[in-house]
Amino acid sequence: MLPLELKDVCFAVNGRNIIDCVSVQIGAGPRTIILGANGAGKSVLMRLCHGLLQPTAGEIKWRGGNGNRRSRQAMVFQRPVMLRRSALANVVYGLKLAGFAAGECDLRARDVLEAVGLERQADRPARILSGGEQQRLALARAWALGPEVLFLDEPTANLDPGAARDVESIIAAIHATGTKIIMTTHNLGQARRLGDEILFLSQGRLVERAPVERFFRAPAAAEAAAFIKDELPWQ
Amino acid sequence: MTDLIRAFAEAFDLISRLDAKLIEIVALSLAVSLTAVAIATILGLPLGALFAVGRFRGRQMVIVLLNALMGLPPVVVGLLVYLLLSRAGPLGALGILFTPTAMIIAQAILITPIIAALSRQTIEDAWHEYEEQLRSLGAQRLTASVTLLWDTRFSLVTIILAGFGRAAAEVGAVIIVGGNIDGVTRVMTTAIALETSKGDLPLALGLGIILVGLVVALNAGASVIKEAALRRYG
């Protein structure tokens with residue numbers, strides 16, 4: 001279904017543009033990091049792309065084949081929402097909604113739980129897992145669908161460094177299976193580790209798009225340079 | 001003071017030897033109120049989910065009305081059901097006035113809004129938490145409603161018990177549509193009202209003790225279940 005094309009996309013609340021006239025084409029392959037300060041509009045832009053919000057102006061189109069079928073894209077949120085049932089049942093729930101055959105769901109769910117290291121927690125209630133385990137479960141639930149595109153909204157913002165590392169390595173593994181990664185973060189280290197290209201947002205506007213290495217070495221936009229400097233004051 | 005002590009002593013005596021008349025009244029009370037709660041639950045929970053998740057014109061007004069209906073005076077419900085079921089009323093041909101069926105109908109009308117309004121609040125709170133995740137997974141509103149009903153099940157049990165408490169404790173509606181006929185439509189609350197006015201305090205007090213004990217026991221049970229479930233499932 002990629003590439004994803006945004007044409008003059010705006011999202012306004014009470015007359016104020018949270019997203020201000022963003023045009024961009026996001027293709028298959030490189031991991032795209034949406035970077036920006038708090039309130040820059042990263043999460044809103046991601047929800048627009050995923051279809052949870054509708055733009056108030058402009059249009060968003062999936063240019064490739066397969067249309068914008070829901071089951072071909074998945075999203076992992078900053079704070080995972082777990083249903084009051086077992087870890088396994090949470091994954092199966094997503095698979096059933098995506099139309100997988102009942103017999104296939106259980107097997108597929110167990111495979112993906114193993115891939116994120118939660119096979120021993122499969123039958124435990126999801127809501128009493130630790131924060132890190134819940135986020136890995138959220139990744140498993142999304143990964144199980146075999147999405148072409150995976151959106152991640154600050155997936156490690158609430159986690160301690162160890163749990164964040166686990167999540168990062170799972171994201172790398174999902175990318176390695178051919179899934180396009182689109183992720184927001186305000187963590188520069190993470191953007192460097194996980195990203196191939198950066199979309200830099202400032203006050204709802206897309207001010208720079210660059211390969212990761214070039215972005216950090218020589219940001220073109222003044223806002224981007226200032227952001228990097230603020231985040232890495234010792235440089 | 002001695003009257004009070006004697007009344008209590010006789011009340012406990014009636015309870016301890018499972019007095020037949022007492023048992024009959026308690027059994028009818030439970031049958032009527034439990035059936036009413038079952039009906040109100042079947043109607044109220046889907047309504048609660050609909051108003052929690054649905055988006056339609058006039059939704060806010062419907063919710064205000066529903067919340068207001070929680071305070072319906074039982075005597076007014078009794079009067080309305082009486083008018084419907086009385087011989088000259090639109091449903092008079094059914095001939096069910098002064099039967100337990102009429103009492104069940106009145107109590108169901110009384111507590112359906114309670115269960116619907118309270119579950120609406122609970123389910124809507126859960127919907128705020130779950131909405132983006134469920135929509136992201138492709139759940140339509142109907143699927144989402146079923147998921148939310150299941151995920152809030154422990155809170156909903158408490159709500160259903162609140163409904164039962166209200167039904168078992170009200171007297172205004174059942175006395176009007178039931179008529180408090182001995183052996184036919186006499187329940188705990190109507191019996192207490194009657195026996196007190198007749199001066200048979202021990203029977204009234206015995207019934208009162210059972211009624212209060214029942215409501216306390218049910219709520220204690222519900223809170224134990226809820227606590228255990230929340231510890232178990234988070």
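Where a number appears in this text, it was derived from the coordinates with a stated rule and is not lab data. Please read all numbers here as calculations on a predicted model, not as lab measurements. As a convention, Cβ positions derive from the backbone with ideal geometry for all residues, glycine included, and neighbour counts pool all protein chains shown.
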Point to revise | Separation in nanometres of the label points that stand 7 Å from Cα toward Cβ, at B:SER16 and B:LEU69 | key: 4.7 nm
Practice item. Find the relative contact order for region B:2-233 and round it to a whole percent, using C-alpha pairs within less than 8 Å whose residues are 6+ positions apart. Key: 32 percent
Check your understanding: What does region B:1-100 give for Rg and for Dmax, in Å, if only its C-alpha atoms count?
Key -> 20.6, 63
Check your understanding: FRET efficiency for A:CYS21 and A:ARG63, Cβ-Cβ distance as r, R0 = 22 Å, nearest 0.05?
Key -> 0.65
Revision key, fill the gap. Along principal axes, largest first, the alpha-carbon spread of the protein assembly as shown in whole Å comes out as 95, 47, 47
Practice item. Set the Förster distance to 22 Å, then compute FRET efficiency between B:LEU230 and A:SER130 from the Cβ-Cβ distance, nearest 0.05. Key: 0.80
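Once you order the gyration tensor axes a ≥ b ≥ c over the Cα atoms, which shape class does region B:2-233 get: rounded for a/c under 1.5, otherwise prolate or oblate by comparing a/b with b/c?
oblate
Can you give the local net charge around B:LEU72? Use residues other than it whose beta-carbon is closer than 14 angstrom to its beta-carbon, Lys and Arg +1, Asp and Glu -1.
Net charge around B:LEU72: 0.
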Study note, to complete from the structure: Expected unfolding gain across A:ALA102-A:ASN187 under the 0.36 nm per residue rule, minus the alpha-carbon gap, is 26.6 nm
Review point. Given springs between every Cα pair under 10 Å in a Gaussian network model of chain A, which of A:ALA87, A:ALA140, A:ALA12 has the largest fluctuation?
Key: A:ALA12
Check your understanding: Using alpha carbons only, how many degrees (0 to 90, rounded to 10) separate the axis of helix B:74-85 from the longest principal axis of chain B?
Key -> 90 degrees
Review point. Cross-link partners among lysines for A:LYS7, C-alpha distance below 20 Å, same-chain residues fewer than 8 apart left out?
Key: A:LYS42, A:LYS61
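Could you give the length gained on full extension between A:ASP111 and A:GLN54, defined as 0.36 nm per residue of separation minus the Cα-Cα distance, in nm?
Value of the extension gain: 17.1 nm.
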Review point. Counting Lys and Arg as +1 and Asp and Glu as -1, what is the net charge of the other residues whose Cβ lies under 12 Å from the Cβ of B:GLU129?
Key: -2
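Show me the ranking of peptides A:90-99, B:212-221 by mean Cβ neighbours inside 10 Å, starting with the highest.
A:90-99, B:212-221
Kindly state, to the nearest 0.05, the FRET efficiency for B:ALA9 paired with B:HIS128, given R0 = 51 Å and r defined as their beta-carbon distance.
Working from the Cβ atoms, E equals 0.40.
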Check your understanding: Dipole of region B:2-233 (Lys/Arg Cβ +1, Asp/Glu Cβ -1, origin at the Cα centre): which of B:MET188, B:LEU28, B:TRP127 lies farthest to the positive side?
Key -> B:TRP127
**Study point:** Residues in region B:183-225 that a label on B:THR158 would reach, taking backbone N under 11 Å of a point 7 Å out along Cα→Cβ
**Key:** B:222-225
**Study point:** Gaussian network model of chain B, Cα within-10 Å springs - most flexible of B:ALA169, B:ALA27, B:ALA204
**Key:** B:ALA27
**Study point:** Shielding by partners, peptide B:135-145 (average Cβ within 10 angstrom, other chains)
**Key:** 5
Review point. If we restrict to alpha carbons, what Rg and Dmax does chain A come to, in Å?
Key: 17.9, 55
**Study point:** Peptide A:92-99, shielding by other chains (average Cβ, 10 Å cutoff)
**Key:** 3
Revision key, fill the gap. Residues of region A:37-59 with backbone N under 12 Å of the label point set 7 Å from the Cα of A:ASP8 along Cα→Cβ are A:57-59
Study note, to complete from the structure: Once Lys and Arg are counted +1 and Asp and Glu -1 for all other residues with Cβ under 14 Å from that of A:ALA172, the total becomes +3
Check your understanding: Which distance in nm do the two modelled labels at B:THR2 and A:ARG79 give, with both placed 7 Å along the Cα-to-Cβ direction?
Key -> 6.6 nm
Practice item. Round to the nearest 10 and give me the degree value, 0 to 90, for the angle of helix A:161-176's Cα axis relative to the longest principal axis of chain A. Key: 90 degrees
Study note, to complete from the structure: A:GLU213 and B:ASP182 label points (each 7 Å along its Cα→Cβ direction) are spaced in nm at 10.0 nm
Practice item. Give me D for region A:1-103 in µm² s⁻¹, whole number, from Stokes-Einstein with Rh from the Kirkwood sum over alpha-carbon pairs, 37 °C and 0.692 mPa s. Key: 209 µm²/s
Revision key, fill the gap. Shielding of A:77-83 by other chains, given as the mean Cβ count within 10 Å, works out to 4
Review point. Just A:ASN187, A:ASN14, A:ASN158 to compare: in a GNM of chain A, with alpha carbon springs under 10 Å, which one fluctuates most?
Key: A:ASN14
Practice item. Any chance you could give the angle, 0 to 90 degrees and rounded to 10, that helix B:59-69 forms with the longest Cα principal axis of chain B? Key: 10 degrees
